[in-house]
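The values are calculated or read from the model by the stated rules, or taken from the named source; none is laboratory data. The structure presented is a predicted model; accordingly, all values stated were derived computationally and were not measured. Reconstructed Cβ throughout: ideal geometry from the backbone, glycine too, with neighbour counts over all protein chains shown.
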Amino acid sequence: MDIIRLHNMQFYGYHGVSESEKHLGGKFEVDVEMMADLKDACENDALDASIDYEAVYKKVDCCVKDDNYYLIEALANSIAKGLLNEFSISEIIVRVRKPHAPINGMLDTVEIEISRTKEDYA
């Protein structure tokens, strides 16, 4: 199986538990790894045989901006489900990072990672 990766896509969204996160929002970073058969795309150099990276970016952008979640786990699930339903992907890994999460302590970011297949949403 072949893999297309989009790393460190950055968005502004309103996800979190605290009132400030819900009203002020914050930065979110997203990585996706999409497993698909890219043999035809490799051999024919044809976009319609591959996955349109810009369309993937726009779908993730919609997932981050159109809905609000308490948990970045739920946001990652929304992204995985949306991409699996829209593109010819057999499996996906989604990572969502929340830099400067409101935790009483020092850290760079909180990150979650989920792995899903089309069968998970059948």
Criterion first (touching a Lys or Arg at 6+ places or on another chain (Cβ under 9 Å) and assigned to a helix (DSSP H, G or I)) does ILE79 satisfy it?
yes
Please work out if LYS98 is exposed (fewer than 15 other Cβ atoms within 10 Å of the Cβ) and under 15 Å from the mean Cα position of the chain (by Cα).
no
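Look at LEU75 and say whether it is more than 28 Å from ALA49 (Cβ to Cβ), buried (at least 19 other Cβ atoms within 10 Å of the Cβ) and either aromatic (Phe, Trp, Tyr) or touching a residue at least 12 places away in the same chain (Cβ under 8 Å) (or both). Step through it out loud before you land on a result.
Values: more than 28 Å from ALA49 (Cβ to Cβ): yes; buried (at least 19 other Cβ atoms within 10 Å of the Cβ): yes; either aromatic (Phe, Trp, Tyr) or touching a residue at least 12 places away in the same chain (Cβ under 8 Å) (or both): yes.
When the stated conditions are applied, LEU75 passes them.
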Going through the stretch 52-67 in order, the residues found to be among the aliphatic types (A, V, I, L, M) and touching a Leu at 6+ places or on another chain (Cβ under 8 Å) are VAL56, VAL60, VAL64
List the helices (runs of 4 or more DSSP H) inside the stretch 7-74, counting only whole elements, that have at least 2 residues being more than 10 Å from the chain's Cα centre (by Cα) and within 27 Å of SER90 (Cβ to Cβ).
39-44, 53-66
Do any residues in the stretch 98-122 that are modelled with pLDDT under 90 have Cβ atoms under 8 Å from those of residues that are among the β-branched types (Val, Ile, Thr) and not in a loop (DSSP other than H, G, I, E, B), where the two are at least six apart or on different chains, and which pairs are they?
HIS100/THR109; ALA101/THR109; ALA101/VAL110; ILE103/VAL110
Name every residue in the stretch 101-122 that is of a type in the set (A, V, I, L, M, F, W, C), surrounded by 13 or more Cβ atoms within 10 Å (Cβ to Cβ) and over 11 Å from the mean Cα position of the chain (by Cα), in order of residue number.
ALA101, VAL110
Quick count over the stretch 13-40, residues being at pLDDT 95 or above, over 14 Å from ALA76 (Cα atoms) and either touching a Gly at 6+ places or on another chain (Cβ under 9 Å) or of a type in the set (Gly, Ala, Ser) (or both), is 1
